[in-house]
Amino acid sequence: MSASAHSWSRRRPLLRPRSRLRAAPAPTAGGRVRGPIVVGFDGSPESAAAADWAAREAVRRRLPLQLVQAWPWPRNDVLGSEDAVRWGRARLTSKEADIRTRFPSVEVSSEHLPGAPNAVLQAAGRNAAVLVLGSRGMGTLHGFLAGSVSQEALRLADCPVVLVRAGRTAADEHVPTAEGREPVDRPYRDVALGLDLRHPCDAAIAFAFEAAALRAAPLRVIHAWGTSLVGEYMALGATAGLAARVEKAEKEALSSVLWPWRERYPQVVLLPRSVLGSTAPALLDTSAQAGLLVLGRRSRPSPLGPHLGPVAHAAVHHAVCTVAVVPCR
């Protein structure tokens, strides 16, 4: 075995003793969240889909819902005129009334706020449990087209940001059936969580477990590992035995990280999966059958400011299901 293999084994024990496991933190950062669910609404089909998803989530979490409409145009602009503002407010009021009718248990309010959408939504997100935004579909790619507002919110929001693709309905959250039953009669699709064992994000883990518990849905946890490491040993002709050992260590490490969350959410059916390969393709494959994909977001220093990592970027643009990006604390 090479020196790099010895250094790897020293850095990563096969299994940490249970007594050394981190206790699952209180889920106020990403699990049983408090504050309103805030949704950005501009009258577009994608924002209408986002508002509907947010209303359903408000029912599940028993939280109030707030519709926020940003109006960036000054009064001397055609779109800043009284007629334009009145039209925008009318669309907002109409959607609020629609939600009140269809979701009578939800406490719903709305705000029409002057200012740039990025600034308005970022401010609203400071006190929000979840910030929900619409995203245009990408046709045959079945993914998202995240505009500048969504990208900015994903990078900077203090709360979890959920992206809902245009056209998504309540039926898409449930397991399909050929029997024609209503969505409420069918179980929810799985919740999926992308997990980096080198930097586990407690807030994202908590959010995913809570989402699965609220839906009585299984939670699939995906951890991809080691293509570069395995490739190094393949070149040395030592892959066969070593890959099995590394895979066993990764599975044990995954189980170790998830143990305290199993204890906190015993009702959640947990389906952990440690796969050899790149993270993004594994998550995108899983998203095809999931109802919600949850990812953590770490602040990455950059001359241009915080930005999404490559895995979150791929998921945001190409995942089939609704995506939640949770800031790591």
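Sort out which residues of region 147-157 are buried (at least 21 other Cβ atoms within 10 Å of the Cβ) and at pLDDT below 70, and write them in order of number. Once the filter is applied, which keeps residues that are buried (at least 21 other Cβ atoms within 10 Å of the Cβ) and at pLDDT below 70, region 147-157 yields only Ser150.
Residue check: Ser135 meets all listed conditions (1) at pLDDT below 90; (2) part of a helix (DSSP H, G or I); (3) of a type outside the set (D, E, K, R) but one, namely (2).
Which count do you get for residues in region 61-76 that are open to solvent by 30 Å² or more (accessible area, probe 1.4 Å), more than 15 Å from Ala124 (Cα to Cα) and in contact with a helix residue (DSSP H, G or I) (Cβ under 8 Å, 6 or more places away or on another chain)?
Residues of region 61-76 open to solvent by 30 Å² or more (accessible area, probe 1.4 Å): 62, 64, 66, 72-76.
Going one step further and asking which of them are more than 15 Å from Ala124 (Cα to Cα), we end up with 62, 72-76.
From the residues that got through so far, the ones that are in contact with a helix residue (DSSP H, G or I) (Cβ under 8 Å, 6 or more places away or on another chain) too are 72-74.
Selection size over region 61-76: 3.
Inclusion of Pro72 among residues that are more than 19 Å from the chain's Cα centre (by Cα) and at pLDDT 50 or above is warranted. Does at least one position in region 158-176 carry a residue that is open to solvent by 30 Å² or more (accessible area, probe 1.4 Å), modelled with pLDDT under 85 and more than 26 Å from Pro64 (Cβ to Cβ)? Yes, region 158-176 contains a residue that is open to solvent by 30 Å² or more (accessible area, probe 1.4 Å), modelled with pLDDT under 85 and more than 26 Å from Pro64 (Cβ to Cβ).
For region 95-120, which positions are assigned to a helix (DSSP H, G or I) and either surrounded by 11 or more Cβ atoms within 10 Å (Cβ to Cβ) or among the aliphatic types (A, V, I, L, M) (or both)?
Once the filter is applied, which keeps residues that are assigned to a helix (DSSP H, G or I) and either surrounded by 11 or more Cβ atoms within 10 Å (Cβ to Cβ) or among the aliphatic types (A, V, I, L, M) (or both), region 95-120 yields Lys95, Glu96, Ala97, Asp98, Ile99, Arg100, Arg102, Pro117, Asn118, Ala119, Val120.
For region 222-270, taking the residues that are β-branched (Val, Ile, Thr) and closer than 29 Å to Phe209 by Cβ, the one that is modelled with the lowest pLDDT is identified as Thr227.
Just one of (1) more than 27 Å from Val326 (Cα to Cα); (2) within 25 Å of the chain's Cα centre (by Cα) fails for Asn118. It is (1).
Flag: Ala282 does not match the condition of being at pLDDT below 85, open to solvent by less than 40 Å² (accessible area, probe 1.4 Å) and not in a strand (DSSP E or B). Pairing each residue of region 260-272 that is in contact (Cβ under 8 Å) with a residue 60 or more places away in the chain and under 16 Å from Arg220 (Cβ atoms) with any residue that is open to solvent by less than 60 Å² (accessible area, probe 1.4 Å) and assigned to a helix (DSSP H, G or I), provided the two are 6+ apart or on different chains, yields C-beta distances under 8 Å for Trp261/Ile205; Trp261/Ala206; Trp261/Phe209.
When residues in region 191-217 are screened for being surrounded by fewer than 22 Cβ atoms within 10 Å (Cβ to Cβ) and either closer than 19 Å to Val320 by Cα or in contact with a helix residue (DSSP H, G or I) (Cβ under 9 Å, 6 or more places away or on another chain) (or both), 5 of them pass. Checking the stated criteria, Ala58 turns out not to satisfy the condition of being within 19 Å of the chain's Cα centre (by Cα), surrounded by 19 or more Cβ atoms within 10 Å (Cβ to Cβ), of a type outside the set (S, T, N, Q) and modelled with pLDDT under 95.
The values are calculated or read from the model by the stated rules, or taken from the named source; none is laboratory data. Model, not experiment: these values are computed from the prediction. Cβ: placed from backbone, ideal geometry, glycine included. Neighbour counts: every protein chain shown. These accessible areas exclude ligands, DNA and RNA; they are computed on the full protein's heavy atoms, side chains included. Shrake-Rupley method; radii C 1.70, N 1.55, O 1.52, S 1.80 Å.
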